[in-house]
Amino acid sequence: MKSRWLWGLLLTIILVTSGSPSRPTSISAQAGSPAEILRLVNQVRTGYGLPPFVWNGTLASAAQVQANYMATNNVYSHTGAGGSTPQSRALTAGYPGHATENIVGGTNLTPSQGVIWWQNSAIHFNTMISQSYIHAGVGFAQGHDQNFYALVVGVPSDQATSSAVNAAVPGDEYLAPVAPIQLAQPAEDGGIRHIVGAGHSFWAIAARYEIPIEQLYLFNNLTEDSVINPGDELIIRLADGQEPPPTPTPPASHIVGQGDSLWTIAAWYRLSLEELLWLNSMEEDSLVQPGDEVRIRLLEGEQPPPTATPQSSHIVQTGDTAWGISARYGLALEQLLRFNSLTENSILSVGDRLLIVEPSPTPTVTPETTATPPATATILPTARATNSSTPTTRAVALAEQSVATPTVEISNASRPQLGLELGATIVFISALLLAIGAIIFVVLNKRTRQ
């Protein structure tokens, strides 16, 4: 009886457990890891020589709020609950600065596909490679059989640049969801062709197949201005051994669109910012407006513009920060501070000139030594020379004698005393010679008389 009671209790527990709703499990990296999204975004930034975004938990909370809102309501919008905006959500979460946002979503959309979608959209791409922001957070949510991602980037108020303050958030016209796209299977020849469905776009198709949008244009002889309709067939992968179409001649200029900047235009055409500025005789502070034409390459036979003098300094403008200036010129913050003898606590003022190249070391000037005339005169014995000696021979003889003969130094004060002693000696020798001569004379004269 007791055994039956135990088996019944165990069976009841099993039935209750199996019938209760399961708790959500952790999201896999492929399904939608926020860390994976940030890694891919930073990978793009690194490819353009930019520092990676730093993960910020507060911005991640703001991003998660919008991801949840979109997943719950099946909407794609930067406007959230109660009319909130990316900026207001960041402030509400506790981030003391300026923020903007990228969002994307779609059926079975992976982080890689989402980042590709952002790369293929100029205004979202601008957010990913912006130099105005330093922090980032990512949110992910699932709902209505779709994956929703939100990337929020920000910069603290005390480090915000004017471009960050005035950054525009993409409008709803940029928020078309990635419609459900069924991947086509490879044909027997290895090629893949996709049949365009309702709501499909170049961006969505390229993102779903994880290929560059330029490859999609090339394989199908299309441009970014081409239009596709449901039922059209697009080549995704060439058949084995099939030669790709010839690469079209790149355009010579670019018409500035909404959200474009000099930096994003240069990155889009694989140019450095310096090249783009040089081609258009612009400065780094130059502004472009939608509709402007920007030169991106020289035509055949066209004379290049004069090479500009390399910029060596930067004039601080309103909103500039040390971090923003260093990132703008591809420097580490430590380098900029060292070049200008600054510290992290130094305050910049509008109009300050900062060096952006390492200053040349100041040469050390060695003071010239002034020769002090000797206090004593040196007397060298004079060597006799025959009349046949040339002046050169005499000079050499004197030089050699001056080396071999010890130098006798006589101070000016001792010269009168020396003269007196020399005179007395001469008088003594003369008297001695006279005495000797007198003695000899007397002796000789005495012998003659004998």
Accessible-area ranking of L434, L336, L218, L299, largest first, probe 1.4 Å: L434, L299, L218, L336
Neighbourhood charge, 12 Å Cβ-Cβ cut-off, centred on N120 and excluding it, Lys, Arg +1 and Asp, Glu -1: -2
Signed unit charges on C-beta, dipole axis of segment 194-348, positive-most listed residue Q311, S326, P244: S326
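I'd like the FRET efficiency for A35 and E210, computed as 1/(1 + (r/R0)^6) with the beta carbon distance as r and R0 of 22 Å, rounded to 0.05. All intermediate terms of the calculation are to be shown ahead of the outcome.
Values: r = 19 Å, r/R0 = 0.86.
E between A35 and E210, to the nearest 0.05, is 0.70.
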Label-point separation, Q317 to E275 (7 Å along Cα→Cβ), nm: 2.4 nm
Segment 214-359: relative contact order as a whole-number percent, Cα under 8 Å and 6+ apart: 18 percent
Computed accessible area, W263, all protein chains, 1.4 angstrom probe, square angstrom: 60 Å²
Burial ranking of peptide ranges 337-346, 318-327 (average Cβ count within 10 Å, highest at the top): 318-327, 337-346
Förster radius 56 Å - calculated FRET efficiency between Q142 and E302 (Cβ-Cβ, nearest 0.05): 0.55
Area accessible to solvent at Y76, 1.4 Å probe radius, in Å²: 40 Å²
Per-residue SASA entry for H78, accessible area with 1.4 Å probe, Å² rounded to 10: 10 Å²
Surface accessible to a 1.4 Å probe, per residue, for the residues of segment 235-283, Å²: 58 Å²
Potential lengthening between W55 and A184 on full extension [0.36 nm per residue; Cα-Cα distance subtracted]: 42.8 nm
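The values are calculated or read from the model by the stated rules, or taken from the named source; none is laboratory data. The structure displayed is predicted, hence computed values, not measured ones. Glycine also receives a Cβ, built like all others from the backbone with ideal geometry; neighbour counts cover every protein chain displayed. For the accessible areas, the whole protein counts, side chains as well, though only heavy atoms, and no ligand, DNA or RNA atoms are used. Shrake-Rupley method; radii C 1.70, N 1.55, O 1.52, S 1.80 Å.
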